Amino acid sequence: MEMTDVTAVSRARDGDSDAFRLLVERHSRAIFRVAYRMTANEHDADDVVQETFLRAYRQIDRFEERANFSTWVHRIAINCSLDLLRARGRHDKHYGGDPSSEEMSAVIKTDDPQPDRLLLSAELQSHVARALERLSGNERTAFILRHFEGMPVEDIGKTLGIQVNAAKHTIFRAVRKLRESLEPFVRQNHATSD
Amino acid sequence: MQHLTEEDLVLLHYHEAETPAASEHLRTCDACRAQYDTLKRVLALVSEAPVPDRGPEYADQVWNRLRWRLDRKKRRTWQSLAAIAAVLAIAFVTGQWWEARQHHTTTIQPGVRSTVATPVAQSQSPAPDRLLILVVGDHLESSERVLTELANADPKKRLDLDGQQKRAQDLVVSNRLYRQSANDRGDQRMSSLLSDLEPLLVELANAPSTLTPEQVRAIQRRIEAQGLLFKVRLISAQTGGGESAPPPTGTSL
């Protein structure tokens, strides 16, 4: 029978490294995804994954068995990501304003429909990345936890150490900034696909 | 009902505060529905932001990098104790042997000194050998961890050595001592393995903190071409893998 996370944690606490390895196998790819979204950098995300499991191992005695290991380790990953971003001075980088006209024109600068679509896709990816970078650390984290991780606002407040209402407003700000940054591209994309 | 605010639309989208009144308004109000559609398209666009794929082997890569860090502290304590114990035991045995030798040389004629002293020395020599085997076994196990991590690194990516240079520096120092010792004892197999291992350890000790994909591939080719990992594992297993298992008969150093 397959070992549950709770059993694996319990065995890892007793020094069973194979049990901890099982937890790494189960959760490392999901942790990479959240770390990548937080840091927007592959190597940083790999580092966050390492650091997350290292911290989880060292703090495993603090894990409450009734809790969900995935949620717990995700929170560690979020904290590791925030630590890394703070260390690199990227945490408090704030929204840098609307996309420039050069950025806008770069989206539609060819008449050939097929390359245009490819270009659009690549450009859009870059604009989405840039729009996310323009969020403050808390906005980015709150948004990622809500949008990608499906975490309830109440839990987001706990993770960030802020009130529920503050967490809600942080998400509102993040969404508004994303909409302001990306709405022109969405409209353009929508128009060209019609 | 008044038009829905952007906050209302966000809450609706994330199912945080769905009310029948808001849903009904959205169904009947073109302006609000247009705003909601735009919001959904923006958020769908964000969802499409790609995340680099990490294949099924990723967990193994993570584990191989992680595992030696997990028990590093524990192992350091063990290694320190083992090293201290080895030094004390060697000193004790050498002292005993020296005292016995001195005792015999003072009670027999000079002409027969060597015939008496030699059996005493031989009877004492296996103890330090065994202790050295334990320590070199641990050295091989540490080296194996470094090699495994390199061999399993993604050859398409840069590799953060993550402080392994310091570890490699320590291994270079111990590797030289054990190689010299193996030479002195005529253990060709161990000496050859440590000689093969040393250039790679030196290179790692002097490497930058991050290896380029080309450097990673070059190191992986060397490990594979020389069969280094296999040899280290084989001899490490025969020496007891750094644990307290006794060495097989006939294995020196």
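The values are calculated or read from the model by the stated rules, or taken from the named source; none is laboratory data. Everything numeric here is computed off the predicted structure, so don't read it as measured data. Here the Cβ is made from the backbone with ideal geometry for all residues, glycine too, and neighbour counts use every protein chain on show.
List of remarks:
- Tabulated pairs, the stretch B:59-71, first touching a residue at least 24 places away in the same chain (Cβ under 8 Å) and under 15 Å from B:Leu161 (Cα atoms), second among the aromatic types (Phe, Trp, Tyr) and buried (at least 21 other Cβ atoms within 10 Å of the Cβ), C-beta under 9 angstrom, 6+ apart or interchain: B:Arg67/A:Phe20
- All of (1) within 14 Å of A:Arg75 (Cα to Cα); (2) more than 10 Å from chain B (Cβ to nearest Cβ); (3) more than 13 Å from the chain's Cα centre (by Cα) hold for A:Pro152 with one exception: (2).
- Restricting attention to the stretch A:153-174 and to residues that are out of contact with any Phe, Trp or Tyr (no Cβ under 7 Å at 6 or more places or on another chain) and hydrophobic (A, V, I, L, M, F, W, C), the residue that is modelled with the lowest pLDDT turns out to be A:Leu160.
- Members of the stretch B:1-10 found to be out of contact with any helix residue (DSSP H, G or I) (no Cβ under 8 Å at 6 or more places or on another chain) and modelled with pLDDT of 85 or more, listed by number: B:Thr5
- Residue among B:Ser142, B:Ser192, B:Ser252 that alone is modelled with pLDDT of 80 or more and more than 26 Å from B:Asp60 (Cβ to Cβ): B:Ser192
- All positions within the stretch A:23-61 that are in contact with a Lys or Arg (Cβ under 7 Å, 6 or more places away or on another chain) and either more than 21 Å from A:Arg134 (Cα to Cα) or in the same structural domain as A:Leu132 (by TED's automatic domain parsing) (or both): A:Arg29, A:Phe32, A:Gln50, A:Leu54, A:Ile60, A:Asp61
- Some residue of the stretch B:117-126 being within 25 Å of B:Leu194 (Cβ to Cβ) and modelled with pLDDT under 80: yes
- Of the listed requirements (1) over 21 Å from A:Ile156 (Cα atoms); (2) surrounded by fewer than 17 Cβ atoms within 10 Å (Cβ to Cβ); (3) modelled with pLDDT of 80 or more, A:Ile108 misses just one: (3).
- The lone exception for A:Glu154 - which of (1) in a helix (DSSP H, G or I); (2) closer than 17 Å to A:Ser81 by Cα; (3) not hydrophobic (A, V, I, L, M, F, W, C) it fails: (2)
- When residues of the stretch B:175-199 are limited to those that are surrounded by fewer than 20 Cβ atoms within 10 Å (Cβ to Cβ) and of a type in the set (Ser, Thr, Tyr), the one farthest from the chain's Cα centre (by Cα): B:Ser181
- Matching residues in the stretch A:155-173 - criterion: being closer than 20 Å to A:Ile31 by Cβ, buried (at least 16 other Cβ atoms within 10 Å of the Cβ) and away from chain B (no Cβ under 11 Å): A:Asp155, A:Thr159, A:Leu160
- Any hit, the stretch A:50-64, residues being of a type in the set (D, E, K, R) and at pLDDT 90 or above: yes
- From the list A:Val34, A:Val24, A:Val49, A:Val9, the one residue that fits, being β-branched (Val, Ile, Thr), more than 10 Å from every other protein chain (Cβ to nearest Cβ) and either surrounded by 22 or more Cβ atoms within 10 Å (Cβ to Cβ) or in a helix (DSSP H, G or I) (or both), is A:Val9.
- Per-region count, the stretch B:1-49, residues exposed (fewer than 13 other Cβ atoms within 10 Å of the Cβ) and either away from chain A (no Cβ under 14 Å) or touching a Ser or Thr at 6+ places or on another chain (Cβ under 7 Å) (or both): 12
- Residue among A:Ala87, A:Ala77 that alone is at pLDDT 90 or above and more than 11 Å from chain B (Cβ to nearest Cβ): A:Ala77
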